[in-house]
Every structure is written in C-alpha cells, then in structure tokens.
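Below is one structure; the comments refer to it alone.
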Number of protein chains: 6
Amino acid sequence: MSRIDGRTPEQLRPVTIERGWSKHAEGSVLISFGDTKVFCTASVTEGVPRWRKGSGEGWVTAEYSMLPRSTNTRGDRESVRGKIGGRTHEISRLIGRSLRAVVDYKALGENTIVLDCDVLQADGGTRTAAITGAYVALADAVTWAQHKKLVKHGRKPLTDTVSAISVGIVDGTPLLDLCYEEDVRAETDMNVVCTGDGRFVEVQGTAETTPFDRKELGALLDLATVGCADLTAFQNEALARTLGE
Amino acid sequence: MSRIDGRTPEQLRPVTIERGWSKHAEGSVLISFGDTKVFCTASVTEGVPRWRKGSGEGWVTAEYSMLPRSTNTRGDRESVRGKIGGRTHEISRLIGRSLRAVVDYKALGENTIVLDCDVLQADGGTRTAAITGAYVALADAVTWAQHKKLVKHGRKPLTDTVSAISVGIVDGTPLLDLCYEEDVRAETDMNVVCTGDGRFVEVQGTAETTPFDRKELGALLDLATVGCADLTAFQNEALARTLGE
Amino acid sequence: MSRIDGRTPEQLRPVTIERGWSKHAEGSVLISFGDTKVFCTASVTEGVPRWRKGSGEGWVTAEYSMLPRSTNTRGDRESVRGKIGGRTHEISRLIGRSLRAVVDYKALGENTIVLDCDVLQADGGTRTAAITGAYVALADAVTWAQHKKLVKHGRKPLTDTVSAISVGIVDGTPLLDLCYEEDVRAETDMNVVCTGDGRFVEVQGTAETTPFDRKELGALLDLATVGCADLTAFQNEALARTLGE
Amino acid sequence: MSRIDGRTPEQLRPVTIERGWSKHAEGSVLISFGDTKVFCTASVTEGVPRWRKGSGEGWVTAEYSMLPRSTNTRGDRESVRGKIGGRTHEISRLIGRSLRAVVDYKALGENTIVLDCDVLQADGGTRTAAITGAYVALADAVTWAQHKKLVKHGRKPLTDTVSAISVGIVDGTPLLDLCYEEDVRAETDMNVVCTGDGRFVEVQGTAETTPFDRKELGALLDLATVGCADLTAFQNEALARTLGE
Amino acid sequence: MSRIDGRTPEQLRPVTIERGWSKHAEGSVLISFGDTKVFCTASVTEGVPRWRKGSGEGWVTAEYSMLPRSTNTRGDRESVRGKIGGRTHEISRLIGRSLRAVVDYKALGENTIVLDCDVLQADGGTRTAAITGAYVALADAVTWAQHKKLVKHGRKPLTDTVSAISVGIVDGTPLLDLCYEEDVRAETDMNVVCTGDGRFVEVQGTAETTPFDRKELGALLDLATVGCADLTAFQNEALARTLGE
Amino acid sequence: MSRIDGRTPEQLRPVTIERGWSKHAEGSVLISFGDTKVFCTASVTEGVPRWRKGSGEGWVTAEYSMLPRSTNTRGDRESVRGKIGGRTHEISRLIGRSLRAVVDYKALGENTIVLDCDVLQADGGTRTAAITGAYVALADAVTWAQHKKLVKHGRKPLTDTVSAISVGIVDGTPLLDLCYEEDVRAETDMNVVCTGDGRFVEVQGTAETTPFDRKELGALLDLATVGCADLTAFQNEALARTLGE
C-alpha cells in the first residue's frame, strides 16, 4: 500500500527544526512536520505562581493555539469568541504535562518557563509537532537561564529529552505520523509522547470509528517508539548546531 | 501489599448503579465507585444540531461537572468564574467520545441525547464512573425513545455496551480503580474505556512522576481489561432489573 | 376543593431532611419537599473576605444552582453559557440574606461559611426547600466549627432557626407549598422566610396575573406562618438525631 | 421624631416627572425622588422575541443600570467587568414584572417595548423611582404606537397605572420613601408596587437587622399604600400635560 | 450652500456647559453640542494603580459609554452583551489620552481621576463633546483636590485647557462640527483635539468614501483650529462662573 | 543626527514581502519592516454578513493580533483573558477601514474577504506593516477569486493600492518608520495610510508628551508621503513576481 504522499507506513514526513526564530524569546523554534508548521517560544521569568512560592521549585506550562487561517477553512479566533475551546485546552494541558515529565523543578529553581505553541499551518499532527518543537525551545531557554545564573551552577533542569508522534490505523494498516487526510480517515488514532530513553510519557489512543484490540495497540506503539527515536535524533542534531547558524 | 482501603491490587471498589433517580430525565442513574458518586441523566430531544440536519443521523454528547463541594476543599463554580476549566472540557469530551463509540447514528435517527454527569462526591475515578453510569442512562433513554417511536421499529441505536476504569502504578505496583489518595501518589495513571466485547475505545495513560515502559503499560491494560469486564456485568445486571424496583 | 396531589390547601408536601449526605462537607443535607430535592452543603473556611478582615466578624454566603436536567426540559448550564442568569443570582442572594438573619457574626468570629444549594430535581419551591435545608447544613457546620475550636467556647453563632415556604393564590384559593403545576397557574405567589420564633425575615409577593389586595395578602401570610412553624419542627427533629443514624 | 431632611414619617420627598427628555425615544422621562434621579426611556419595535412569535401578543421588558458615579463612591462599570451583577439583574426583573402587571398583551399586539432605566444620581429608592418613571415613559410609548397604528384602533394596552415606593423601619419608626442614609440604618425595608386602584403588584420586605412581625408589616403596608396613591396622582398629572410644555 | 440646520460651514452648533450636575462627583458637567448631550463626571481617589505606586505621579483615565437609547434605534447594552465594543474602547482611549496631554502628573501627586462620559443623547460629535466637557469636569475635580489638600499648595496639575471638534468634507465642502446626518454623508471626517494655545493633541482623519489630499486636510485643520478656539472660550466662561449659579 | 540603527531620518527599515506563505489561504504574505514581522492571510468566502445580503456588494474586514511572545516581555493571550483589549480592537478597525478604502464592493460582488494580521515579532510599526502586507494578501485573494469566477469577468474589485507608515518627532527631529525604541521616546507619533496615488486614507497623529503645531504636522506628512510611495513600489514589485518564485 502506498500512502497519499508516497511515504511507507513507518516513515515520518520531512522534519525541520529552526532555532532562534525570535529575537525576543529566550528560546524559539519553527518546527515543521511536512506541511504542519508550529512556532514555539519559551519565555523565562524569575519567580513562580503564588501557590508555588517559597518551595524552591520552578514551574513549566504551555499554551497552544491555532492561527485562524492555519487550517483549510478559516476558524474564529478564540479571543473574539471570548473563550477557549475544549480542544485548545486539552492540547495545552498535554504539552505542559509532556514537558514537565523531563523537568527537575528543584534544579530549575523558582523560575517559570512558559511555552507558546502557535500553529502557523496545520496538516495533521500539530500537537506532536508542538511538543517536539517546544522541547527544543525549552532546552534553549534553560541554557539561557544557566548563562544568566537564574539556574544554579551545575544544576540540570532537564532530565531527558521528550518528543511526540501520532500513529493511527487507516484502512486496517498502522501508519506513522498521519497527515490531515489520513487523520480524517483513521479508524483509530493515537498520540504518543516518549522520553529520549524510549519510555512513555503519554499514550492517548482513541477509536474514531472502530474499537481496537490489544494487538493493534501493540503495532501502533511499535511504530510510535521508532518515530519518537527518530525525532529525538533530530532534536539532538538541532541543539548541537550553534545558535544563529 | 495491602491497599489503603484493604483491597487487593486487582479489586474494584464497591459499585452501585441505581436507575430511575430522576422523574424528569428519559434516563437517569446514580452510580457509585466506593465514595465517588456521580449523577448521570440522559435527555432526549427530537432533532439534531444544525450542522447535522437532514443527514438522517442522530447525535450524542456529554457534559461533566463537579459540584463545588464534591471535593475535600470547596472549588469555585465554573458558572461564577464565567468559564469552563480545561479539565472539565477534557472530561466532557472524553465521555462524549466514549459513548459515541457504541452509537449507530443511522439507527438513532435525527434525535439528540445529552448526557449530564454531575459529580456529587469525588474520591478518584469520577470520569470512569461517569462513563460507566452514563452508558446505563443512555440505554434507558434509548429504550424510552423506542417506546415513543422516535426510533424506528427494529433499529438498535446501541451496538455494544461501554464502561471505563482507572488503573495506575503506585509504589511500583499496578492497581485497579484508584481512590483519590492512591491517585495522588501514582507514578503513572491511565484511564481505559472498553466496549462490552473487550476492545478499547480510549486508552489515556499519563506518567505523573516517572515515564513508564512497555511492560508496565501491558500490566495496566491487563488490569483494566478485567475491571471493565466486571463493570460490564454490573451494567447488564442493573439494566436487567425492572425500572422502579 | 381538592389539590392536584390530593392535599388540603394548608398542607405541606412530605418533607424529608437527610443529614450527613457528603463525606467532605462540614454540614450537608439532602432535603425534599415532595418531588423537589435540593442538596445543601456548608463549607467552613477560616478567614473572611478581604473587606471584612480585622473586624472580628464572620461571613455567611450562599450559591444556588439547578442541575441541567432537574427540570422537565433540559436547561443550558450557566457555566457553558458563561454567565449566571438573573433568577439564579436573585435566589442565591435571597438564601444568603435569609441565613444571615440568624447569624451572630461576632460569635462566629472570622470564619466564612458558604452554603451551596444544588437542585437535583425541581417541582416548585426549590428556593424555599434550599433555605430550609441550608439552615440545617449551616447548623451542622457551626457545630463542627465549635468542635474544631474555630468558634470560641460558649459563643452561639446562630440566634434562631430559619425556614421558608411558598404560598400562592390558585383559582382564587390560597394554597400552601405550591408544586410546579400549581405555581404555573397561580395568580399570585409569595415566598416567606420566617425565624423559629415566627417573625418574618423576607416576604416576597408577586402578582403573576392579577394584583392582590390586603385581605388576600393576609390570608397568604397566615398560611405561610403555619407552614414555617411546621418546617421549624422538622428541622429541630432532624438536628436532634445523631448524625449518621 | 424629625427625619434627617425634616420630613414627617409619612411624607414623600419632592417628586418631579419631566416627559420628553429624549428626542429619539418613543417615551422618555426624567424622574426625581429628592436627589434620586432616574432617566427612563421606552423603545418600541415592531415584532416580538422568537419564543412569542405568532401569538398575537406583545412583550414588555426592562433594563436597569446605575451610571458609575451615580453613587457617592465610583463603582465599576458592569460592561467593563464583563458581567451584570446580581442586584442589577434583580432590579431589572422587578421593573419588568411590575410594568407587565398592567399590560394587556393582546391589546398591545406583536410589538415589543423596552424600558431602560438609567440612574443618573442615587440617593435611595432608585428602583421605586425607576418603576414610577418607567410607567410614564411606557404610557407615552403606547400613545406613540397608537398614533403610528402599531396598536389597533380602540385597543388599550394599559389596564391601569403602576407606581412604587420604599418603606422601612428606622429606629423603630415606620418611614415612607427612605433616602440613602435612612436606608442604610433601616432594621427592615420594603419595596411596594401598587396599581392605580390600590392593589399590590409586588411586596418585597427584607429584615436587614431584625426580623419583623405582622403588626410592623401592616404599618409599612399602610404607609406604602398612601405613598403609591400620591405617586399615581403625580403620574396622572404629568401625563395630563401636553408633551413639550 | 446652506447646511441641514441652517448653519454656515464654519459655525458650531449651540454649545451649553452646565457644571455641578451631580451631587456626588468631584466634578460634573452636562455638555451639549446641539442635540448631542454628554454627562461627564470626574471622580477623584487618593492613590494610583499598582504599576504607578511610589512614583509620586498621578493618573487620569476615561470611560465612554452610550445609553442604549441615546441613538435613533436602541442599541444593546455592552454590560448585557458581556463585552465592550471596539468603538467604545477606541473613544475611551482617545478621551483619556487627550486629557492626559494637559496633566502634569508630578503636580497632581499620587491621585487618580477617572472621567466618565455617558452619552444621554447622540446627534454626531459625541466624542468631541465628551472631551470638551470632561476637561471642565476635570478642572473642577482638580480644584476640589486642591481644597482638600490632596494636591500640594502651589502645584498646578493642569498645564493648559483641551477641547475637541469634528470636521468633515460633505459634498465637497469642508464643514465644522458635523451633526449625525452630515456625518453619515461625509466623504472624509476628522476629529481634532487642541490645547488652549492652539496646538494639536490628536488629529484623526479618516476617508470614509474618498481619499483626501493635502489641501483638503489643510482646509479641515483650519476649520478645526477655529472651532477649538471657540470651545476654549466656552470652557473658560463656564469655569469662570461660580459653581452652583 | 544618526538614528539608533544608523538610518537617516527619512529612511525606511529594510522591507521584505514574501507571498504564498500559507498553503491554505487564498492570499498570504509574510512582511517585515526591519525586525517587525507580520503574517497576513486573506480568506475568501462566498456570501456576506446577514446585514449585507441581497445588496450585490461584498465585504472586507480585518483582525489583528500579537503572538504572546512577539514582544520583549510575554503578554497574556487575549483568548485566555477572555476579552480583546482596546488596542487590538482599534488596530483591527484601522486595518479594515484602510483596506476598504480601495475596495469596490460592487465589483467584488457578494463575497467576503477576511484579513488576519498576526504579529510574529514586534519592533514598532506593527499596524503599518500589517496594512501594507494585508494589501498584498488581499490582491492575491482577489486574483484567486477572479480565477474561481467568484468575481465577474472584467470587474476590478481593487481601485488602487494602499500602504501605511509611521512617522514621529524624536528629540525634535521628524523621523520615518520608527522602531520600538524610537517610538517609546517620540514626543509625537503619527500613522499615515496612503493610496498608491498619494492621497490620504487615514491620518492619526497623537502628541505623546508635547502638543504639536501645524508646521510639525506638515513635516511629518511630507515624510510619510514619501515613505508610502516607497512602500507602494515594494508592493507592486512583490505582486509582479510569479507566485511561488
């Protein structure tokens, strides 16, 4: 079976990770998974929310949003509608949890890092691209905080890397990294977030049209594990480049 | 190892399902998983939302909410704060998706069923109790609609049953149906939604403190599969009773 | 004349008051006036709102809400609509004022008690059932606060009991404790809140279709005074039982 | 006992009613009860809200608001806070109900009249001045609608006049038409809405500090009945003048 | 060419400025430009917003609003819609900026003055009438603050006067002070805010239907400069009268 | 005098205009004025808002927004705050008016074009870059609509080009195209919107610290006119390129 864009079932779309895309943010990344493009910025501020003050621990949170015309049909702005939709809330929370899984709050100290993930163009997999890109922006922000001595000498606020990929069953075949057209047709889709050492941070599988069994679940996790390993390599490669190159 | 309430790792809390708790709703259930109590009502209306008109297909949706003092500390009402929080949105969407997985829209015809799941008392597992109870309320509402001839003779709008349970790893041990205290201490927790035939509708696993590996994931799914089978039996038993008994 | 449910004009519907319905709240009551069921919880917190700090006085407030399917037709959730309706506001304010009429703020000390009155099933008289039940929850919460030494030894934060009942003129006849069907047909309806010693805290009479004269007003107040005295007896009886029996 | 402004207990403050204060509105009145000044406009539109279409009946509703500096201390605008407070809601509803008590919807036909009551300066009794003034604006709007043939020839949409006054017990003495300083010190206060023929439309009595008994209630109603009769005379006098004089 | 109301192109509508219209506000003015009537109050409070604390400097801000029936057709209340419209925001900001242009914050000291401009009746030019009237209310409020010693002896918080007028091109002719009908037909309209010494604080010109050239812009500025000088004279005259006369 | 970035007073920052930046939008442009980067998309839909139906005329509107970390310090998202700020409203309205000045609604036919201008990075002049870029996106969208036959053969919905630039007086010197640092220090700043033929669509001048006189206004308009002419050339050049090159 050949996929809509000619990929094999276990193949990622072309991935690009551009660091330093913003002159203001402490970390910033433009990441693309094929035609999906997400702009991720990491903003560092000294201090933590009130409920965490005096704990000696930091905080990391995330906000996800789609530009109105990032999709095929223009959507209303949530600011204009005056409230945030359920999907936006859900994805923002997922990104935050995923990144916090690799943060050592004690090492971060009482600093807050906010990750903003704004989808400039959507073609499926926006939340997984957001998590993967946000990790790189977070890493750059942590480095910045270390240089500024906001993080104590020798402390490592990040315990591992984190990346995410979507998988799904389309016409009975498990596929990696679904584009929008595949996503719409999927019987089951799943988003998997992994650490660099290959363990799971989140596994969110949903039967869109047909409940799935243990064997199908296994096949999807196999695909996702390999996909996240590839993304981890892309992240490390991007972070190995000198910023500004 | 003995659990906080004396259960074995693979044991559910006492489950009760009382049908017919509301004189107004077409289906209504008070379900309890131990001290967690959720009031589920199913409201049937003829017609469907605008975007579905003329399709010949029905619609099922859900709203979840916690009473302000369902928890140990009183929470603000979302109506007073003027907006729905991310967690509420997320759970409402999960309940809706889970039930829709067993709905045959064509058989339902152009009718809408809204499931309201209001948590009267919370002690962990409110979303899983809500799904499990809402299914029973939905089944009663469908029966009502059949009697009222809103559903055509001979059509079966429900293709299977659906139930849900939480599982998690606490102090390294996989446990079924976490109570609040266990949930707070869990390294990983997972909500699993199954159909009556044992397939998965949703698998949502989250590493709270420690990423989990494939083997741990497997152990959790084993527990959840057995737990959901037990809940399916409780649902069938409850539905077998004459309403009003 | 016989009423729809066979009562005499001056007869209350069956009243039940179950205490200790919540394991979390400091006071909790499930009250029913016939088919009207309201769940009342009292939440105690140390401290008072900012504008009252340092006064040595406490604060008591209330919030009323109806579950979406407490009525015959499902209503939208106010949290989903993003704002509280006028009727909800008005009843919340009425409950708060009614309870505050029997509170000695000095004796309560700088503690806050919030009464939540959530209507599980509505059949007329939800606000009067809410006030009557909330008083009992409040009394239990005050006892709890005394045991916890939040209230100073020997101080009595409650100066009397308080209860409420609706009355109305239906087809020219003054009736006590209107059920929904009677309420809809009433020419005039009135909610009366009384202290245990028979004085008035609130008298809210409204001509729904026909203005009323002084004699009709008198007849309604006569009925309400007797009705509230009966409710006071039910409250005292309920509070005389050992909690948990 | 002499009152703060030298009035006797049963004396109204000076009342002025200026009609035709707006060049746009179909009816408009600037009413003052002493230093309380309320600007009332009546806006007529053909047609009725959706839920009333095809009924052949009209609709009358009201909105009340206070200018931010109508009071001694500036209050936040409700438009800026993004929501309407409970008090505003409650008074808007009271004004609407009071006026609807004298409207014959059939005679009005499918027309809507909205009464806007904006408090320019507040010194107690704003809601009663609003009702009293709004009636006059409503009467002018009805006349306008008759001239425009929106109301059928010979139909009388208004069945009577309506006015309102506050009464209260201050230092044990029942007083008519409380100014702000008296209102603050009242043990009990009551707003009474009467038709021109002396019957009650609304009686809303509240014990602010001390519950009241039947005799006190009687004394307050006596005062209010006389006060409303005086206001009815002022209304008729104002309406007898040629508009524009 | 003769204008709709018989004025010459360079003629203002009749201007009236009544001071002391509110017994509560520290400064208050009812200003009219023909049929446009705006009620302006100035509210003084000690202290400044948090971000300005400790600076030794004061703050001046403004809020503009239209009563629902100030216009020919009734508009929804922004408080009911739950949000402030763009036009309201824009004009509130314009009024605030215009007044701040003549405020010496150091001389004002840490006091805040809020100008509320509520349009009672609209017939074009509401924002310019608001600015012109608000200045007079501000001047009275400053005098009040000086008497109360909130402003230090000898300090002059106002460095000049400020007034505003609209100009526009209608059927090719530049006109001063457009009424509503002219405003609707204008090809270009412009609001100009001037200090008493004839310099510009704001120039906001908009081509409604036809872009304008440098020469037309010049003609409009000429008109506006003369109009503002006239308004300055009216302001000084009003302030020269004894308050209460 | 040398400017902070070495420019002469009448020199623009480097301008880049990249078309075709989005695969979904009917027109899309990434425009930069130095470090200010704005992403502009034009979305075409058949049909017009309700109030315009049946007129045969189209509609063009715009929404402006800043990404939270487009500025030096992270700002709250307006969607999270639940309302749009005054500045956002004001700029959205300005962009819409500016573009509509060159639209022939009849020629456009009953089609709606929405311009979204999202600021990715801000360094002064975001609204002028937005207008300048949005025009190019609009032109591409119109071309698309012509190809799709939404616009009738031979009709030209755009009557001219439109561009915008900021000017201001800094330390007494009139400067073109202020960057953020200059903007903060400006005594007066002005935004000028011109058509391609050099006439004015909008002139918005504000005295930030010092009122300005006629001569200064003239100097600023001179600068702006030349700046807009340069921008017009950049727009035409960009539109002359084959899309995708």
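The values are calculated or read from the model by the stated rules, or taken from the named source; none is laboratory data. The structure presented is a predicted model; accordingly, all values stated were derived computationally and were not measured. Please note: Cβ atoms are built from the backbone with ideal geometry, for glycine as well, and neighbour counts cover all protein chains shown. In case anyone asks, the SASA skips ligands and DNA or RNA and just uses the protein heavy atoms, side chains included. Shrake-Rupley method; radii C 1.70, N 1.55, O 1.52, S 1.80 Å.
Numbers below:
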{"item": "Those Cys residues of chain C for which no other cysteine Cβ falls under 4.7 Å", "result": "C:CYS40, C:CYS117, C:CYS179"}
{"item": "Eligible lysines near D:LYS106 by straight Cα distance, threshold 30 Å, same-chain separation 8 or greater", "result": "C:LYS215, D:LYS23, D:LYS53, D:LYS148, D:LYS149, D:LYS152, D:LYS156"}
{"item": "Solvent exposure of segment F:29-163 as accessible area per residue, Å², 1.4 Å probe", "result": "36"}
{"item": "10 Å Cβ neighbours from other chains, averaged over peptide F:20-29", "result": "4"}
{"item": "For A:THR159, inter-copy label distances in nm, listed shortest first [label point 7 Å out on the Cα-Cβ vector]", "result": "4.1, 5.8, 5.8, 6.6, 7.4"}
{"item": "Segment B:1-117: mean projected area of Cα convex hull, nm²", "result": "10.0"}
{"item": "Contact order relative to length of segment A:1-131, as percent, for alpha carbon pairs under 8 angstrom and 6 or more apart", "result": "34"}
{"item": "Among beta bridges that DSSP assigns inside chain B, antiparallel share in %, nearest 5", "result": "85"}
{"item": "Accessible surface of segment F:187-226, 1.4 Å probe, proportion on carbon and sulfur as whole %", "result": "51"}
{"item": "Buried on assembly, segment D:184-201 (at least 20 Å² less accessible surface than by itself, 1.4 Å probe)", "result": "D:ARG199, D:PHE200, D:VAL201"}
{"item": "12 Å beta-carbon shell around F:GLN235, net charge (K/R +1, D/E -1)", "result": "-2"}
{"item": "Column: log10 I(q)/I(0), Debye, Cα scatterers of segment F:172-232, q = 0.22, 0.26 Å⁻¹", "result": "-0.90, -1.18"}
{"item": "Note, ³J(HN,Hα) from phi for segment F:83-95, Karplus 6.51, -1.76, 1.60, rounded to Hz, x at Gly and Pro", "result": "8, 8, x, x, 5, 4, 4, 4, 6, 4, 5, 4, 4"}
{"item": "Calculated label separations, A:ALA229, copies of the chain, 7 Å along the beta-carbon direction, nm", "result": "3.3, 6.5, 8.5, 8.5, 9.7"}
{"item": "For the B-to-E rotation axis, chain B residue with nearest beta carbon and its distance in angstrom", "result": "B:GLY82, 4"}
{"item": "Exam field: F:PRO49 pseudo-label spacings to other copies (7 Å along Cα-Cβ), nanometres", "result": "2.4, 2.4, 2.8, 3.6, 3.8"}
{"item": "Gyration tensor (Cα) of chain A, equivalent ellipsoid semi-axes in angstrom", "result": "31, 20, 17"}
{"item": "Highest average packing first - C:156-163, E:153-160, Cβ atoms within 10 Å", "result": "C:156-163, E:153-160"}
{"item": "Partner chain coverage, peptide F:117-130 - average Cβ within 10 angstrom", "result": "2"}
{"item": "Descending principal axes extents, segment C:134-183, alpha-carbon based, whole Å", "result": "53, 18, 8"}
{"item": "Area hidden from solvent between A and F (accessible, protein heavy atoms only, 1.4 Å, total, Å²)", "result": "3000"}
{"item": "Built amide H within the under 5 Å cut-off of F:GLY58, gap 5+", "result": "F:LYS106, F:LEU108, F:GLY109, F:ASN111"}
{"item": "Rounded to whole Hz, the Karplus (6.51, -1.76, 1.60) HN-Hα couplings of segment E:44-57, x for glycine and proline", "result": "9, 10, 6, x, 9, x, 3, 5, 10, 4, x, 7, x, 10"}
{"item": "Using distinct alpha-carbon pairs, which all enter the 1/r mean, Kirkwood radius of segment C:34-83 in Å", "result": "14.3"}
{"item": "Rg(Cα)/(2.2 N^0.38 Å) for segment C:73-128, N = residue count", "result": "1.41"}
{"item": "Structure-based [θ]222 nm, chain B - -39500 (n - 2.57) summed over DSSP H runs of at least 4, per residue, nearest 500", "result": "-10000 deg cm²/dmol"}
{"item": "Whole-percent carbon and sulfur share, accessible surface of segment A:1-114, 1.4 Å", "result": "48"}
{"item": "For q = 0.08 Å⁻¹, Debye-computed log10 I/I(0) when each Cα of the protein assembly as shown counts as one equal scatterer", "result": "-1.25"}
{"item": "Karplus 3J(HN,Hα) series, Hz, for segment B:133-141 with 6.51 cos²θ - 1.76 cosθ + 1.60 (x for Gly, Pro)", "result": "x, 5, 4, 5, 4, 5, 4, 5, 5"}
{"item": "Antiparallel bridges, percent of DSSP beta bridges restricted to the protein assembly as shown (to nearest 5)", "result": "85"}
